[in-house]
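The values are calculated or read from the model by the stated rules, or taken from the named source; none is laboratory data. Computed from a prediction, not measured in an experiment: that's the story for all the values here. Cβ placement follows ideal geometry from the backbone for every residue including glycine, while neighbour counts extend to all protein chains displayed.
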């Protein structure tokens, strides 16, 4: 059990890095990772429990976003697609927090449409030369390395790029609101030179790698946020019992008690979906549909419950020290990261054999 009372305080870029490092040193990143890779050798259900505990104790949506970008954007792609040599070199440092990483997909003119990505890689005898511009990349600029997706000979592929590589700029701009402790920015590659052994996976495997990474992220990023929602509900209930209005407890008002009941129902629904994704993964089954459903339902639930929490607290909910108004901004961001709610609906419809993503075989 991690002692979250010792978690470094939130603040600037350095504080964000220290908080992620603390979680890594306490082996939070090793769940669902095989012992052969120096992981715990447990399953996704244990990962869910550990991440819920994190959210409950730190209430830091940004830290949760950073950790998930690191796990699903770098650790698991290396486990799934890395060579033996790459795993030996990269995994120990990523699991221990010695290196902080993530993945870079989105570009200024391309978000959900990965076929429209324009970042390129050119192979030479001595290495790859990358050129392109990535935007809204979680863990930039604190990341030591990123898995960057670029087109090699017109085929989407993955490349491990370090912050200090020639021609690389991990920027802290543009600045965004919501999940602010998850540092975010642009990655600019201008004739970035990396060795040949930094290509991850086969040429053209980038689309499959992105799909796998995002499915896992969508399925499990809300485990930590469920912990926050548990804390949020506890605070709302406490306030509704202590606040006296017209001689009675605030919670005695049916309009308030119904909001609290709905918050509980949303929370339990999110927990059921995340646990279902864990069950599917632990039994070796696909999560394409379940992860999209989880992301859609959980992100919308988090936003509505955050709005309800502010409404119940009234003007007190607008105080920065209260945290509730900040969670509204975080919840707004949660509807966008890992694919917006509209994208999740497209995925669900396509997997059901309908919608714009479905192509008839006739």
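Here are some notes:
- Sole residue being touching a strand residue (DSSP E or B) at 6+ places or on another chain (Cβ under 9 Å), closer than 30 Å to residue 52 by Cα and assigned to a helix (DSSP H, G or I), chosen from 225, 210, 237: 210
- Flag: residue 297 matches the condition of being crowded, with 16+ Cβ neighbours inside 10 Å and without any contact (Cβ under 8 Å) to a residue 40 or more places away in the chain.
- Residues in the stretch 246-286 that are at pLDDT below 95 and farther than 26 Å from residue 303 by Cβ: 246, 247, 248, 249, 252.
- Conditions (1) surrounded by fewer than 17 Cβ atoms within 10 Å (Cβ to Cβ); (2) in a helix (DSSP H, G or I): number failed by residue 54: (1)
- Residue match in the stretch 64-75 (condition: surrounded by fewer than 18 Cβ atoms within 10 Å (Cβ to Cβ), part of a helix (DSSP H, G or I) and either touching a residue at least 60 places away in the same chain (Cβ under 8 Å) or not assigned by TED's automatic domain parsing to the domain that holds residue 234 (or both)): no
- Residues that are touching a residue at least 40 places away in the same chain (Cβ under 8 Å) and surrounded by fewer than 20 Cβ atoms within 10 Å (Cβ to Cβ), drawn from the stretch 221-249: 230, 231, 233, 235
- Residues (closer than 18 Å to residue 219 by Cβ, surrounded by fewer than 17 Cβ atoms within 10 Å (Cβ to Cβ) and more than 18 Å from the chain's Cα centre (by Cα)) located in the stretch 36-51: 43
- Qualifying position, being under 18 Å from the mean Cα position of the chain (by Cα), in a strand (DSSP E or B), farther than 19 Å from residue 75 by Cβ and not assigned by TED's automatic domain parsing to the domain that holds residue 61, among 151, 134: 134
- The set of residues from the stretch 108-131 being modelled with pLDDT under 95, outside any loop (DSSP other than H, G, I, E, B) and touching a strand residue (DSSP E or B) at 6+ places or on another chain (Cβ under 6 Å) comprises just one member, 116.
- Residue satisfying condition, being within 26 Å of residue 335 (Cα to Cα) and touching a residue at least 40 places away in the same chain (Cβ under 8 Å), within set 184, 208: 184
- Hey, residue 31 more than 28 Å from residue 299 (Cα to Cα) and either surrounded by fewer than 19 Cβ atoms within 10 Å (Cβ to Cβ) or outside the structural domain of residue 321 (by TED's automatic domain parsing) (or both) or not: no
- Residues being touching a helix residue (DSSP H, G or I) at 6+ places or on another chain (Cβ under 7 Å), touching a residue at least 12 places away in the same chain (Cβ under 8 Å) and part of a loop (DSSP other than H, G, I, E, B) - total across the stretch 324-355: 4
- Residues that are in a helix (DSSP H, G or I) and buried (at least 16 other Cβ atoms within 10 Å of the Cβ), drawn from the stretch 184-206: 198, 206
- Single unsatisfied condition, residue 94 versus (1) in a helix (DSSP H, G or I); (2) surrounded by fewer than 18 Cβ atoms within 10 Å (Cβ to Cβ): (2)
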